[in-house]
Ligand code: DX5
Ligand code: ZN
């Protein structure tokens, strides 16, 4: 079954606990936490503290998406804060292999995210040691942007590469997901939908139904 990873980027932070409880009850699989530094992307969100706070109130998988540059100086803090999966953009640091090793040694899952202006082959050297690849279908930085359909081929390419090499990463898609674009991604073999504004702009009591219809 397709996994759903709602992004709290579009949540009202004053109601974060309530929001996470509602997502928890509505059958979400992961909680996607977008960390932006105003440097790798032109927007600032939150740091490891928010991961720590979420950890206290949910046992869902915390799917942390780092949009920061560099990555390595901060990775330990995100591990210690209680992340379950940490994905980063490999071009944002000189030592992506080292970062993956640190994450793996901590006993949690490492992932990478592929910016729309990067190619799948650019990062193939990392695939053997990661558990998640996020295909970005918007330029990272903001919620509520339009889905870039020209990125979808990366999903089916990754499905093929995984099969040929017996890799065991899951493929996630992030950006502009709604009922229509979810279907396109599922048809191309995606495993996880990261979803922000389409879900979080709705009434909390509708989350369960929307998640079911996305699946
Ligand atoms: C964008 C973030 C996404 C964002 C998705 O840089 O990585 O996770 O929250 O939001 P929507 O679903 O609104 O595109
Ligand atoms: Zn994200």
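Read-outs throughout are calculated quantities, based only on the coordinates presented, and are distinct from any laboratory measurement. Here the structure is a predicted model, which is why all the values come from computation and not from measurement. Glycine gets a Cβ as well: all are built from the backbone with ideal geometry, and neighbour counts include every protein chain shown.
What distance in nm lies between label points placed 7 Å from Cα along the C-beta direction at residue 159 and residue 72?
Once both label points are built, they end up 3.7 nm from each other.
Can you order the peptides 33-42, 48-57, 188-197 by their average number of other Cβ atoms within 10 Å per residue, highest first?
188-197, 33-42, 48-57
Run lengths n ≥ 4 of DSSP H only: what is the helix-derived mean residue ellipticity at 222 nm for the chain, with -39500 (n - 2.57) per run over all residues, to the nearest 500?
The helix-only estimate for the chain comes to -9500 deg cm²/dmol at 222 nm.
Take every Cα pair under 8 Å in region 20-143 that's 6+ residues apart, average their separations, divide by the length, and report that relative contact order as a whole percent.
21 percent
Taking 1 over the mean of 1/r across every pair of different Cα atoms in the chain, what Kirkwood radius in Å do you get?
For the chain, inverting the mean 1/r across all distinct Cα pairs yields 17.0 Å.
Go ahead and collect, in residue order, the members of region 179-212 whose backbone nitrogen is under 14 Å from a label point 7 Å along the Cα-Cβ direction of residue 58.
Taking a point 7 Å out along Cα→Cβ of residue 58, the residues of region 179-212 whose backbone N falls under 14 Å are 193-197, 199-201, 204, 207-208, 211.
I want the antiparallel fraction of DSSP beta bridges within the chain, as a percent rounded to 5.
5 percent
By per-residue mean of other Cβ atoms within 10 Å, what is the highest-first order of 130-136, 24-30, 119-125?
Taking the mean over residues of other Cβ atoms within 10 Å, the ranking is 130-136, 24-30, 119-125.
For the peptides 69-76, 144-151, what is the packing order when you average, over each peptide's residues, the other Cβ atoms within 10 Å and list the highest mean first?
Working: 69-76: 16.6, 144-151: 14.2.
Answer by packing, highest mean first, reads 69-76, 144-151.
Between residue 1 and residue 49, 0.36 nm times their residue separation minus their Cα-Cα distance comes to what?
In short, 14.2 nm is gained.
If each residue of separation counts as 0.36 nm, what is the full-extension length gain between residue 149 and residue 24 once their alpha-carbon separation is subtracted? Intermediate values should be presented prior to the final figure.
On the way: separation 125, 0.36 × 125 = 45.00 nm, distance 2.96 nm.
Residue separation times 0.36 nm, minus the Cα-Cα distance, leaves 42.0 nm.
How far apart, in nanometres, would the label points at residue 183 and residue 167 be if each is projected 7 angstrom from Cα along the Cα-to-Cβ direction?
About 2.9 nm, to one decimal.
Could you work out the relative contact order of region 6-57, using alpha carbon pairs under 8 angstrom and six or more residues apart, expressed as a whole percent?
Numbers: 39 pairs, mean separation 19.3, N = 52.
That works out to 37 percent.
Say each of residue 80 and residue 212 gets a label point 7 Å from the Cα, pointing the same way as Cα to Cβ; how far apart are those two points in nm?
According to this spin-label approximation, the distance is 4.4 nm.
For the chain, what does the relative contact order come out to in percent, with C-alpha contacts under 8 Å and a separation of six or more?
Over the chain, the number comes to 22 percent.
Would you mind ranking 23, 13 by Cβ crowding within 10 Å, fewest neighbours first? Let's see the in-between values first.
Numbers: 23 27, 13 12.
By the 10 Å Cβ count, ascending, the order reads 13, 23.
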